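The values are calculated or read from the model by the stated rules, or taken from the named source; none is laboratory data. Just so it is clear, the structure is predicted and the values come from calculations on it, not from any experiment. Please note: Cβ atoms are built from the backbone with ideal geometry, for glycine as well, and neighbour counts cover all protein chains shown. For the accessible areas, the whole protein counts, side chains as well, though only heavy atoms, and no ligand, DNA or RNA atoms are used. Shrake-Rupley method; radii C 1.70, N 1.55, O 1.52, S 1.80 Å.
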Amino acid sequence: MPPPIEFELRRRTLLAGTAAVAAASVARLAHAQEQAGSAASAQQQSDIALTVNGTEHRITVDNRTTLLDVLREDLHLTGTKKGCDHGQCGACTCSVNGERINSCLSLAVLHDGDDVTTIEGRGAPGQLDPMQAAFVSHDAFQCGYCTPGQIQSAHAVIGEIRAGIPSHVTSDLTAVIELTEAEIRERMSGNICRCGAYSNILAAITEVAEDQA
Amino acid sequence: MKAFSFERASSAQAAAARAAEVQGAKFIAGGTNLVDLMKLGIEAPEHLIDVSGLGLDRIEETDEGGLRIGAMVSNTALSADVRIRRDYPVLTRAIAAGASGQLRNKATTGGNLLQRTRCPYFYDTAQACSKRVPGSGCSALTEGAFSRQLGVIGTSDACIATHPSDMAVAMRVLDATIETVTPTGMTRRIPLEEFHLLPGDTPEKETALMPGELITAVTLPAPVGGIQRYHKVRDRASYAFALVSVALIRQPDGSGRVALGGVAPRPWRLAAADAELPNGARAVMARLLDGARPTEETQFKITLAERTLAALLLEE
């Protein structure tokens, strides 16, 4: 009898993973050799200026570095999380020039001169911003890993509705958009919560939106 | 990710010239698709040319009464533009049905047209894919493959992938034209219907662009009015690619236009199928999907497309 499909898939994934590790070691060696005494590596780096939470930073980055990795690894702002690293989960959401983006899918070199706000720029223990406080009071998380991204998106969602940006559930494209639960749910779909705190996240955002109305 | 050098282009024409001249060069704007593919090793440019700062982020009115949408206008900005919402609502509806808020803020108009298929065998570098490695075959066509998301028409024995865009389906029903600049500085206008190539024996060739050619804008003709709808059917209520989507423009006399997403390597529309609109959904789909070659797993798309259009026609 052939093995069940799941076993086959797992075996294949494992083999692919093993091959990838071997390939990565070779790639690292090749990269190290390339960097040792070649001018090419300089061309693969760039100098950028980033303002993060009001502070300007001048750094040199490998062109491959994402904005997320600069925030976490270079600036040690680890509030912004790496979940899937492919723009599917939203844990890396932060605000750039006033718009929320997936920082994992954006190369840092494309952000020279940009103004970034991370979760550390929203509030701090003892001085939570209203959205952070509402997440706490509504128990809008369990493990908390997705929470910084959820809070970044939550702020942006209220702003996007006020700015009149339509969504998939907006019924009249020419009228003022109402801040409904359906609008919030749809606009939060780029932030996944594996603990399933969605209903409490919705309650927290709704409360802040109503308080600000 | 493979190392690459980087430059910021000073003008669209200079960008095109450099892209043609530098080995392994690619343009980058929003990067939402390209960076993902670079992480997976599916794309491996040796040089990136940043075209995001060229002033191609405006929407202007044309002398013909239409709109000229700069290639770097974000999906969010395009969907929210009051002229688009008022005169081309099918486009706002299609964009809002795609991706997430974060992605739409970065994704550009030109990049959306150039995004690659989400075929799982294109994404898995351990599988055969002639789109990824020319001539390597197609794992999606092997016995027991997962083809539920893939195409039913316009496909070939070499590739059954679909074009994943929602925006492009609405632009197709609006008769959009793509404007480019070539490496020698010429302007080209390519009707959207001729822009995405069918796979045939060369699925790696996806567009009519020549090496180095840069999309600078998409133009829409003067508004055609009518009732405009975009209905997307997918496995989740939000943030998923289409199984089938239907863009519809219907005039008071019953005539109109229909384009499909999620079923073909490009937004799928035929004049002969448009002409059947007064005769109902079944007549339209008999034309539009004539010659379809679904797999066992995509057979449902034929029925789903007809029922989706039928539901839209009942709405009015």
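Averaged over the residues of peptide B:87-95, the number of Cβ atoms from other protein chains lying within 10 Å of each residue's Cβ is 2.
If the segment from A:Ala133 to A:Arg58 were pulled out straight at 0.36 nm per residue, it would be longer than the present Cα-Cα gap by 23.7 nm.
Label sites at A:Arg194 and B:Thr303, each approximated as a point 7 angstrom past Cα along Cα to Cβ, lie 3.6 nm apart.
Defining a contact as two alpha carbons under 8 Å apart and six or more residues distant in sequence, what relative contact order in percent does the stretch B:132-272 show?
29 percent
Beta bridges from DSSP with both residues in the protein assembly as shown: antiparallel share about 85 percent, rounded to the nearest 5.
May I ask you to list the residues of the stretch B:234-249 whose amide nitrogen lies under 15 Å from a point 7 Å from Cα along the Cα→beta-carbon direction of A:Cys84? Label zone hits: B:235-242. Counting, for every residue in A:163-175, the Cβ atoms of other protein chains within 10 Å of its Cβ and taking the mean gives 5. In the full protein context, the stretch A:137-193 carries 43 Å² of accessible surface per residue, based on a 1.4 Å probe and ignoring ligands, DNA and RNA. Screening chain B for DSSP H helices whose Cα atoms reach 15 Å or more along their own axis and whose mean Kyte hydropathy is at least -1.0 gives B:300-315. Chain B contacts chain A over a buried accessible area of about 3400 Å², both sides summed; the probe is 1.4 Å and only protein chains count. Near B:Arg18: Cβ cut-off under 13 Å, other residues only, Lys/Arg at +1 and Asp/Glu at -1. The net charge is -3. Comparing B:Met72, B:Asn112, B:Gly98 along the charge dipole axis of the stretch B:51-178, the residue lying farthest to the positive side is B:Gly98, per the Cβ-charge model.
With a 1.4 Å probe and every protein chain left in place, work out the accessible area per residue of chain B in Å², rounded to a whole number.
Values: 12550 Å² over 316 residues.
Spelled out: the 1.4 Å probe surface of chain B, per residue, equals 40 Å².
A simple charge model with +1 on the Cβ of Lys and Arg, -1 on the Cβ of Asp and Glu and nothing else charged puts the dipole of the stretch A:87-207 at about 280 debye relative to its Cα centre. In the stretch B:1-39, which residues give up 30 Å² or more of accessible area once the other protein chains are added, compared with their chain alone (1.4 Å probe)? Going by heavy-atom accessible area, the residues of the stretch B:1-39 that drop by at least 30 Å² are B:Met1, B:Ala3, B:Phe4, B:Ser5, B:Phe6, B:Arg8, B:Val35, B:Asp36, B:Lys39. Dipole of chain B, Cα-centred, from +1 at each Lys and Arg C-beta and -1 at each Asp and Glu C-beta, to the nearest 20 debye? About 600 debye. The coefficient of translational diffusion for chain B, derived via Stokes-Einstein from the alpha carbon Kirkwood radius under 25 °C and 0.890 mPa s, stands at 123 µm²/s.
In square nanometres, what is the average projected area of the Cα convex hull of the protein assembly as shown?
Values: hull surface 105.9 nm².
Averaging across all directions leaves 26.5 nm² for the Cα convex hull.
Surface composition of the protein assembly as shown: carbon and sulfur make up 52 percent of the accessible area, probe 1.4 Å. A Cβ-based charge dipole, computed about the Cα centre of the protein assembly as shown with Lys and Arg at +1 and Asp and Glu at -1, lands at about 960 debye. Using the Cβ-Cβ distance between B:Met186 and A:Gln142 with R0 = 51 Å, the FRET efficiency computed as 1/(1 + (r/R0)^6) comes to roughly 0.30. Comparing B:His47, B:Phe241, B:Thr187 along the charge dipole axis of the protein assembly as shown, the residue lying farthest to the positive side is B:Phe241, per the Cβ-charge model.
Mean residue ellipticity at 222 nm, helices only, chain B: -7000 deg cm²/dmol; runs of at least 4 DSSP H residues each add -39,500 (n - 2.57), and the sum is divided by the number of residues. Applying 1/(1 + (r/R0)^6) with R0 = 30 Å to the Cβ-Cβ distance of A:Val176 and B:Asp235 gives a FRET efficiency near 0.40. Tally Lys and Arg at +1 and Asp and Glu at -1 over the other residues with C-beta under 10 Å from the C-beta of B:Thr32: what net charge comes out? The answer is +1. Within a straight-line Cα-Cα reach of under 24 Å, B:Lys106 can be paired with the following lysines, leaving aside sequence neighbours fewer than 8 residues apart in one chain: A:Lys81, A:Lys82, B:Lys2, B:Lys26, B:Lys39, B:Lys232. Placing pseudo-labels 7 Å out from each Cα toward the beta carbon at A:Gln212 and B:Glu143 gives an inter-label distance of 5.8 nm.
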